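In what follows, a structure is listed as structure tokens, so that the remarks can point back to it.
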Amino acid sequence: DGESLFISDLHLTPDQPATLDCFLRFLAGRARAARRLYILGDLFDAWIGDDDDAPLHRAVRSALRELTAAGTECAILHGNRDFLIGRAFLRETGCRLRPDPCLIRIDGEPTLLMHGDRLCTDDLAYQRFRRRVRHPLVKRLFLWKSLASRRAIAADYRRRSAEANSAKTATIMDVNQQAVIDTLRRHGATRLIHGHTHRPADHVHEVDGRAAQRLVLAEWRDGVGEALSHSASGWRRLAIE
Ligand code: OKV
Ligand code: MN
């Protein structure tokens, strides 16, 4: 019943206009011909509230609106950077916010969709940051502030995070194998699709003696993207240029 496309980690920012152009061409082309588009988090490099009316945000909003108006269903998951995407953005774009994790069926197989940051359980400092900023009261307090103070706070977070990450090892920043297996088991899923780690690969895990597949999406950068496609002809990774 048509093509489903999975993308994540575009990290759209005014500093990378080539990646934005690539995404806009993708929305007007391949995505528009598809039945469904799943954006598995970190569409934006930063998101400090739906009321931030930067030119980049306006361009993405109207392109997504055109896509959904043309009949492609668009589902979006929060990433670790754009977890403040809210109701106004969804209303303006026609996208549907899905929870993380989100269980769907593809080819009759229970398939779990996640951003991936929740699986990085070895990165304790990040998980602490995640709990703090995702607390409903903390989010509300942040969104009550002026755009100028939110921008200042966000800049400070980005600077401190860059410092912290340069000291972390690659293993700490990857998914935890046991977290993957526990998550697959808890949801009875035989397949997991996620992004976040920027380590595109097809993995096989053993869950209670059965094989489960983990498909990791690539990040988009320097004007080049990747989409995972599922259609009647099966699974394929597409280079988006
Ligand atoms: C998002 C990340 C910056 C990682 C702050 C409350 C608080 C929200 C926020 C501020 C930062 C999102 C919203 C951004 C993710 C970074 C740096 C590292 C690892 C508060 C609620 F606590 F200050 F009140 N933030 N921004 N990082 O710039 O988009 O995920 S952000
Ligand atoms: Mn991420």
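Contact annotation: residue pairs with Cβ atoms under 7 Å, 6 or more positions apart or on different chains, pairing a residue in segment 81-93 that is closer than 19 Å to Ala69 by Cα and touching a residue at least 24 places away in the same chain (Cβ under 8 Å) with a partner that is hydroxyl-bearing (Ser, Thr, Tyr) and more than 16 Å from ligand 2 (Cβ to nearest atom), are Thr93/Thr68. Flag set for Thr72, criterion: more than 15 Å from the chain's Cα centre (by Cα) and more than 16 Å from ligand 2 (Cβ to nearest atom). The set of residues in segment 34-67 that are in contact (Cβ under 8 Å) with a residue 12 or more places away in the chain and small (Gly, Ala, Ser) comprises Ala34, Gly41, Ala46, Gly49, Ala54, Ala59, Ala63. Candidates Leu64, Leu27, Leu56, Leu103: the one that is under 18 Å from the mean Cα position of the chain (by Cα), of a type in the set (A, V, I, L, M), more than 16 Å from ligand 2 (Cβ to nearest atom) and outside any helix (DSSP H, G or I) is Leu103.
For (1) away from ligand 1 (no atom under 16 Å from the Cβ); (2) touching a helix residue (DSSP H, G or I) at 6+ places or on another chain (Cβ under 9 Å); (3) not β-branched (Val, Ile, Thr), each residue gets a yes or a no:
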residue: Ala69; (1), (2), (3): yes, no, yes
residue: Arg81; (1), (2), (3): no, no, yes
residue: Gly86; (1), (2), (3): no, yes, yes
residue: Leu97; (1), (2), (3): yes, yes, yes
residue: Pro101; (1), (2), (3): yes, yes, yes
residue: Arg105; (1), (2), (3): yes, no, yes
residue: Leu119; (1), (2), (3): no, yes, yes
residue: Leu143; (1), (2), (3): no, yes, yes
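Considered as a group, the residues in segment 154-187 that are without any contact (Cβ under 8 Å) to a residue 40 or more places away in the chain, surrounded by 11 or more Cβ atoms within 10 Å (Cβ to Cβ) and within 9 Å of ligand 1 (Cβ to nearest atom) include one that is nearest to Val133 (Cα to Cα), and that residue is Tyr157.
Yes/no matrix, rows are residues, columns are (1) touching a Phe, Trp or Tyr at 6+ places or on another chain (Cβ under 6 Å); (2) within 25 Å of Arg186 (Cα to Cα); (3) among the small types (Gly, Ala, Ser); (4) part of a helix (DSSP H, G or I):
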| position | (1), (2), (3), (4) |
| --- | --- |
| His78 | no, yes, no, no |
| Ile85 | yes, no, no, no |
| Thr111 | no, yes, no, no |
| Arg118 | no, yes, no, yes |
| Leu137 | no, no, no, yes |
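Test Arg87 against the stated conditions and say whether it is under 19 Å from the mean Cα position of the chain (by Cα), within 16 Å of ligand 2 (Cβ to nearest atom) and of a type in the set (Lys, Arg). No; evaluated as a whole, the condition is false for this residue. Within segment 98-140, how many residues turn out to be at positive phi and buried (at least 19 other Cβ atoms within 10 Å of the Cβ)? Residues in segment 98-140 being at positive phi and buried (at least 19 other Cβ atoms within 10 Å of the Cβ): 1 in total.
Out of all the residues in segment 192-221, which are within 17 Å of the chain's Cα centre (by Cα) and away from ligand 1 (no atom under 16 Å from the Cβ)? Leu192, Ile193, Arg199, Pro200, Ala201, Arg214, Leu215, Val216, Leu217, Ala218, Trp220, Arg221, listed by residue number.
Values quoted throughout were computed directly from the atomic coordinates according to the rules given, and no laboratory measurement underlies them. Keep in mind it's a predicted model, so treat the numbers as computed, not measured. Backbone-built Cβ (ideal geometry, glycine too); neighbour counts: all protein chains shown.
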